[in-house]
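Please read the structure below before turning to the comments.
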Amino acid sequence: MKRNILNSLILASLTIIAVSCKPKKVIVATPTVSTEKVEVGADKKKENLALLKGKDLAFNTLSLKGKTSLDVDGDVNNVTMNIRIEKDKKIWVSVTGLAGIEGVRAVITPDSLLMRNNLQKTFVQKPFSYIYGFTNKQVNFGLLQAILSGNTIDEFMTEKSNLDQEGGVWALSGSASDLVYKVLFNTLLKPAEVNLNDAKSGQALKVVYGDHTQINNALFPSNLKLNSMAGAKKINIAIEFNKIDTNVPLTFPFSIPKNFERVN
């Protein structure tokens, strides 16, 4: 795996990290019409926001495993990923190439980023703000965690946002500083499409969720597509989850070998 592809993979993982393989879980079909009765109106916004928020997957830990196809500026690579999340605390990622060799390992916390490139024998240690060079400053740890888990994004689920019905489904939209956002929900009342755009910085992220899997009395997206643009850099990822475990004991092993060189 080329160095630039590994670096792009890590940058992509800061906005979304996921896995692909044939799902082992039962897929929940999305009905053409919502089975839940909702009342539309400005005076019902608070209740409807709570209804949508109530569909989130509750978890303390989340473990994902599988494969993904990553397209960086037309250069496609297939990798296997292991992702472990301790809610609101850390996201651990291990990326392995087709040869079975781990290329990258990373740990992301609300205030830091630590990652090592095993193939180049280098490591990076940065504050979380390091990712602002590749995405909008409104993208924080909580937003990243929400995208990974297919949940709603807290910062957007407020009465300041616009909440309307479009084609029989909910559409949430608004802006935060230079970031313009729009979230479309499906008839299961789960996020179906997330759009983040910062025209001033030339940055955009689009996440499309597909079918869902029943996990602990909630629904988790079994597949998604990600399109990310930051200046001239374009990243496309097609994903299908194959292993999803919640609330299981997890470890987050990470160490820097003595012969690894720190890079900026």
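Looking at (1) over 27 Å from residue 60 (Cβ atoms); (2) in a loop (DSSP other than H, G, I, E, B); (3) at pLDDT 90 or above, which is the one condition that is false for residue 88?
With (1) over 27 Å from residue 60 (Cβ atoms); (2) in a loop (DSSP other than H, G, I, E, B); (3) at pLDDT 90 or above applied to residue 88, the lone miss is (1).
From the list 197, 236, which residue is assigned to a strand (DSSP E or B), in contact (Cβ under 8 Å) with a residue 24 or more places away in the chain and buried (at least 17 other Cβ atoms within 10 Å of the Cβ)?
One residue alone meets the criteria, 236.
How many residues, within the stretch 111-160, are touching a residue at least 60 places away in the same chain (Cβ under 8 Å), in contact with an Asp or Glu (Cβ under 9 Å, 6 or more places away or on another chain) and of a type in the set (Ser, Thr, Tyr)?
4
In the stretch 216-227, what count of residues is obtained for those that are out of contact with any Ser or Thr (no Cβ under 6 Å at 6 or more places or on another chain) and in a strand (DSSP E or B)?
8
Given the conditions (1) more than 21 Å from the chain's Cα centre (by Cα); (2) assigned to a strand (DSSP E or B); (3) of a type in the set (Gly, Ala, Ser), report the number of the one that residue 100 does not fulfil.
In the conditions (1) more than 21 Å from the chain's Cα centre (by Cα); (2) assigned to a strand (DSSP E or B); (3) of a type in the set (Gly, Ala, Ser), residue 100 misses (2) alone.
Please verify whether residue 134 is in contact with a strand residue (DSSP E or B) (Cβ under 6 Å, 6 or more places away or on another chain), within 21 Å of residue 227 (Cα to Cα) and not charged (D, E, K, R), treating the condition exactly as stated.
Yes, satisfied.
Out of 249, 257, report the one residue that is within 22 Å of residue 113 (Cβ to Cβ), loosely packed, with under 13 Cβ neighbours inside 10 Å, modelled with pLDDT of 95 or more and not hydroxyl-bearing (Ser, Thr, Tyr). Before you say what the answer is, go through the steps one by one.
Values: 249 fails: within 22 Å of residue 113 (Cβ to Cβ).
One residue alone meets the criteria, 257.
Go through (1) part of a strand (DSSP E or B); (2) out of contact with any Cys (no Cβ under 8 Å at 6 or more places or on another chain) one by one and return the number of the condition residue 67 breaks.
(2)
Which condition number does residue 204 fail, the rest of (1) among the small types (Gly, Ala, Ser); (2) at pLDDT below 90; (3) within 21 Å of residue 153 (Cβ to Cβ) being met?
Only one criterion in (1) among the small types (Gly, Ala, Ser); (2) at pLDDT below 90; (3) within 21 Å of residue 153 (Cβ to Cβ) is unmet by residue 204, namely (2).
Would it be correct to say that residue 189 is modelled with pLDDT under 95, among the hydrophobic types (A, V, I, L, M, F, W, C) and crowded, with 19+ Cβ neighbours inside 10 Å?
Here the answer is no, as residue 189 does not meet what is asked.
The values are calculated or read from the model by the stated rules, or taken from the named source; none is laboratory data. Quick caveat, the model's predicted, so the values are computed rather than measured. Ideal geometry is used to build each Cβ from the backbone, glycine not excepted, and the neighbour counts take in all protein chains shown.
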